[in-house]
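Bear in mind these aren't lab numbers, they're just calculated from the coordinates by the rules spelled out. No experiment lies behind these values; they were computed from the predicted model shown. Every residue, glycine as well, gets a Cβ built from its backbone with ideal geometry; the counts of neighbours run over all protein chains shown.
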Amino acid sequence: MIFVDDSSIKVSGVVLPGLIKSIEVKDDALIDEQEVKGSTVKVKQATGYEDAKITIELVLEDGPKATKRDKLNKIQNLFKKAGQTKPVVHEIINEHLAARRIKKVIFKSLGTKEENKKQQLVVSLEFWAYNTITIKAKKPSKSKKKSTSKTASGLDPAYQNYLKNDRGKVPKTKNTPAVDDAKTANYTNRLSKMPY
């Protein structure tokens, strides 16, 4: 299938070279299946949509301005330039894709096939639709509910009163809280015999 110029595909401002053989767009729903205990029935629940997958097949031939290898190099640089480590988000323009509300894509794969007797290269491009996720941050809302009053230290007055009322104080005793009566006499005896 050959498309006329107004149905060309532009990726990041670059018109894809070659003859467009086909464009396929696949957009699937996400369905979660759950097994019900004690039954062979599976309950299905729709949970959203997968990213649309776009497959474009191009035929590259030698032309007066560029060879098929030059055209392939142009496509290769869109897919992955030398030294590039991550895929790039591209803006894509095409009537078919516009009708499917696809504006931004990521190159997923690039495949090429050269047949023995034909003087053409068949290029298969796979894109995935790219939908940015916008996360809005909200300031915490001030509660209209009256909270208990706090003191300058940030503690509740009732708790501060509890702290002031000698809670948990141990009465003063000897310097050591525990005494081993069995050995005390021995040590005292030894200490008294020391020459100081």
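Brief remarks follow.
- Close amide-amide hydrogen proximity is noted between Ile9 and Leu16, each under 5 Å apart and 5 or more residues distant or on a separate chain (H modeled in the peptide plane; Pro and chain starts excluded).
- Rg/Rh (Cα only; Kirkwood hydrodynamic radius) as it applies to the stretch 33-74: 1.56
- A Förster radius of 41 Å combined with the Cβ-Cβ distance from Leu30 to Val59 puts the calculated FRET efficiency at roughly 0.75.
- 3J(HN,Hα) couplings calculated from phi for the stretch 22-30 with the Karplus curve 6.51 cos²θ - 1.76 cosθ + 1.60 (θ = phi - 60°) are, in sequence order, 7, 10, 10, 10, 10, 10, 10, 7, 8 Hz; Gly and Pro show x.
- Protection proxy ranking of 80-93, 62-75, by the mean of other Cβ atoms within 10 Å over each peptide's residues and highest first, is 62-75, 80-93.
- Simple spin-label estimate for Glu115 and Glu91 in nanometres, 7 Å along Cα-Cβ: 3.7 nm
- Among the listed pairs Lys21/Lys42; Lys86/Lys136; Lys44/Lys86; Lys53/Lys81; Lys44/Lys81, those beyond 32 Å (Cα-Cα): Lys21/Lys42; Lys44/Lys86; Lys44/Lys81
- Low-density loop positions, GluC sites (Glu not before Pro), the stretch 2-76 - DSSP coil, at most 13 other Cβ in 10 Å: Glu50
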